[in-house]
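Participant: Below: one structure in structure tokens.
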Amino acid sequence: MGRPDPEEGQLPAPVKPPDGGWGWIVLLGCFVITGFSYAFPKAVSVYFKELMKDFHVGYSDTAWISSIMLAMLYGTGPVCSIMVNQFGCRPVMLIGGLLASAGMILASFTTNIIELYLTAGVLTGLGMALNFQPSLIMLGTYFDKRRPLANGLAAAGSPVFLSSLSPLGQVLLEKFGWRGGFLIMGGLLLNCCTCGAVMRPLDMGMKRKMGKAQDKYEAKEMLPIGGKSEEGISTTDGTKKGKKAKKKPKKGKKLLDFSIFSNRGFIIYTISKFILVLGLFVPPILLVNYAKDTGVPDTEAAFLLSIIGFIDIFARPACGMVAGLKWVRPHVAYLFSFSMLFNGLTDICSARASNYTGLVIFCVFFGISYGMVGALQFEVLMAIVGSQKFSSAIGLVLLIEAFAVLIGPPSAGRLVDALKNYEVIFYLAGSEVVLSAVFLGVASYCCLNRGKKEPPPENNPSAGGGSDTEEAESDVQEAEEHSSNNHQPAHSTDNAMVAANEEANHVAEEQSGEGGGCPAGDGEVLARDGCNADQMVERDSF
């Protein structure tokens, strides 16, 4: 998109992330949204036994409620991307919060399991999806230098809410029944609307700053600064328009940017994530039943998941802090690959654990590695595609992950039923995670590092090439310089133009005498066949 003038009351895009300020409120909202999105489908499982009794269905039938929620969270990624690109993050999140709440409230009045699928499954799942993806986009907008830490803190919402919503659901079930519990849960989901309301677009604050600069400019313009003030201002405006003419024309905003598939880093990341999801969620799903089959009591077996959640709470922010270090952040993809390798080896090494102590050790290391993966997955994607294309990238990635979610855990369950052996499942899941880690590390080194070793092209203003932060800084600086240049006296502008004309004529005479008569245009001296590039002179640059 083009960068409008400060006089138009608009802000250049992209805007420099503040890395703080209101961004901490946005981070808090993202923390809550992430917690609801990942923990709510699991926390609903405490109501399954009561639902089985009331609707006379089996466990697999009630389990479809959580599966539909997760399918909507992942599978509607492109739809969320289109809505965000069309309407912005805040309106989409407000609508999503209302849908999520309405789904649970309507579910409390259902009379059969199909109605539960449509309300608690489809409607609530869609609402959480419309909250989750925009919150991550806003987090990447407000943070740049501290973005790894911000991603780690936001990702910690998942284990925190999981450890809170499950006990809360049990209390609500005992006091109000499953219908009253669903109704209260629907009220809690209205907090998603509050989180969406704080997702203020970043350019609003900067527009205020540009508005103040414009007010100062208008005030000084009204002061008597000489008879040629209008001429000086018009000359400066003409120079500004000359610079704008060299810029590319505006392009329409795409609803879903498929050009990211031309990015080799994005292709590598997507393939690696697909393989990862096939095995990542299998161990925690089968862990409790595996412990029970080895002779562990039910209460102690359920406590194993609490150990993973407790370790996960601290692992995600800690990993975000490490990823934000100056010497680590340029290689964050390799840190992500290491975390996946750590997780896969943990599954493989713990496959033969036969007592409770061995399972506790497995849970500790799995919680650390699982937290590292959760803290780095979206940070790596932001680093690959940038904040401008992140809204489209995350939607497409979540859609691809949805297929892996529907393939991995169900396939593992069928293998358990067929083989009656959990050891093989842990070996298989760990091997898939290790394969994804090796693929990401090797492919990133072989395919991406070769491009970096090529000599960088010469600096060309028309080529772009800077980061989002650098472009935003240059935009704001140029706008401020434009405002300050307009305040200079008119006679200094006239003197500068006279000196520029004399210098340009002098250079043109030397070129006609020494270089064989190179033609010079009105705007600049062009280097033709018989001219050196060093002889190029732009009058506007004086």
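Participant: Just the number please: accessible area per residue for segment 16-221, 1.4 Å probe, all protein chains included, in Å².
Facilitator: Accessible surface, normalised per residue, equals 41 Å².
Participant: Can you give me the distance in nm between label points at Ala63 and Ile271, each placed 7 Å from the Cα along the Cα-to-Cβ direction?
Facilitator: It works out to 3.2 nm between the two label points.
Participant: Using a probe of 1.4 angstrom, how much of the accessible area of segment 16-221 is carbon and sulfur, in percent?
Facilitator: 67 percent
Participant: Still on this structure, I have one more. Assuming 0.36 nm per residue, please report the length gained on full extension of the stretch Asn112 to Trp22 beyond their Cα-Cα distance.
Facilitator: 27.9 nm
Participant: Using the basic label-point model (7 angstrom from Cα toward the beta carbon), what is the Phe303 to Cys446 distance in nanometres?
Facilitator: 4.8 nm
Participant: Next question. Which residues in segment 325-353 place their backbone N less than 17 Å from a point set 7 Å from the Cα of Arg264 along the Cα-to-Cβ direction?
Facilitator: So the set is 333-334.
Participant: Relative to the present Cα-Cα distance, how much length would full extension add between Leu188 and Leu256 at 0.36 nm per residue of separation? If you can, show how the numbers build up before the last one.
Facilitator: Values: separation 68, 0.36 × 68 = 24.48 nm, distance 3.18 nm.
Separation in residues times 0.36 nm, less the Cα-Cα distance, equals 21.3 nm.
Participant: Using a Förster distance of 51 angstrom, determine the FRET efficiency expected from the C-beta separation of His331 and Lys53, and round it to 0.05.
Facilitator: E(calc), rounded to 0.05, equals 0.45.
Participant: Give me the three principal axis extents of segment 258-449 from the C-alpha atoms, as integers in angstrom, largest value leading.
Facilitator: For segment 258-449, the Cα extents along the three principal axes come out at 52, 35, 27 Å.
Participant: Ser411 to Ser354: FRET efficiency via 1/(1 + (r/R0)^6), r the Cβ-Cβ distance, R0 35 Å, to the nearest 0.05?
Facilitator: 0.90
The values are calculated or read from the model by the stated rules, or taken from the named source; none is laboratory data. Keep in mind that what you see is a predicted model, and the values were worked out from it rather than measured. Cβ sites come from the backbone with ideal geometry, for glycine too, and all protein chains shown count toward neighbours. Heavy atoms of the whole protein, side chains included, go into the accessibility calculation; ligands, DNA and RNA do not. Shrake-Rupley method; radii C 1.70, N 1.55, O 1.52, S 1.80 Å.
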